[in-house]
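All of the numbers you see were taken from the coordinates with simple rules; none came from a lab. All of these numbers come straight from a predicted model, not from anything done at the bench. Here the Cβ positions follow ideal geometry from the backbone for every residue, glycine too, while neighbour counts run over all protein chains shown.
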């Protein structure tokens, strides 16, 4: 049995060895469900999102929820203190988490969080960026690519206008922000592989 | 690889959270 679940969306990384795989899975699911619901509520408030087909709304959320959570919870990863804060509010040291089996994904998440924080985005900018993360026409299984693409372009234009207005002397901010989209894809893929391994070997 | 979102039960959570919206809006 796996003894650790190194994900801050869990209450604790320590798993009860007396619990079965499905029990651990159910507890984990219960702990991250409120955060997923918040992502759905956020999506509903994106102008135009509800006009997409139900099928595309679900697929965008399925594909993008991890990335949205990564942006929203970047502050849980403190690279200076070398800690990760879990749902219980308890901080765990990186070395401790490495001992529990955390590897390359944790390094990459720290790197991403630091770069995102370095952009010093306002709440409004972060919100619009999160909408751009979610509404991506190149997610797999999108049935009406044109509609998603049109909404994505509107959101990117709005983000660009806002960033240019708020950071007139930092011309690279918008570009650096768009590059974060690729970083998030990469993190999402790494995370999916970990999830799969966890499901196979809980 | 297999669909991790479905494995996690994520799709079910998402559908339920969206449901209120879908009830009053034709697809």
(message) Please compute, for peptide A:54-63, the average count of beta-carbon atoms on other protein chains lying within 10 Å of each residue's beta-carbon.
(response) 5
(message) Translational diffusion coefficient of the protein assembly as shown at 10 °C, 1.306 mPa s, Stokes-Einstein with Kirkwood Rh over Cα pairs, in µm²/s as a whole number.
(response) 85 µm²/s
(message) Report the Cα centroid-to-centroid distance between segment A:14-31 and segment A:136-154 in angstrom, as an integer.
(response) 36 Å
(message) Need one number for segment A:65-128: average projected area of the convex hull over its C-alpha atoms, nm².
(response) 4.8 nm²
(request) Output the Cα-based Rg and Dmax of segment A:1-119 in Å, rounding Rg to one decimal and Dmax to a whole number. (result) 16.0, 47
(request) For helix A:21-44, report the angle its Cα long axis makes with the longest principal axis of the Cα atoms of chain A; keep it between 0 and 90° and round to the nearest 10°. (result) 20 degrees
(request) Rounded to the nearest 10 degrees, what's the angle between the helix A:145-166 long axis and the longest principal axis of chain A, both from Cα atoms, 0 to 90? (result) 80 degrees
(message) I'd like the FRET efficiency for residue A:186 and residue A:117, computed as 1/(1 + (r/R0)^6) with the beta carbon distance as r and R0 of 22 Å, rounded to 0.05.
(response) 0.75
(request) Kindly provide the helix-only [θ] at 222 nm of the protein assembly as shown, computed as the sum of -39,500 (n - 2.57) over DSSP H runs of four or more divided by all residues, to the nearest 500 deg cm²/dmol? (result) -21000 deg cm²/dmol
(message) Please compute the modelled spin-label separation between residue A:170 and residue A:27, points set 7 Å along Cα→Cβ, answer in nm with one decimal.
(response) 4.1 nm
(message) Just to be sure I understand the model, the point goes 7 Å from the Cα along the line to the Cβ. What's the resulting residue A:161 to residue A:196 distance in nm?
(response) 4.1 nm
(request) Springs between alpha-carbon atoms under 10 Å, Gaussian network over chain A: tell me which of A:122, A:113, A:12 tops the mean-square fluctuations. (result) A:122
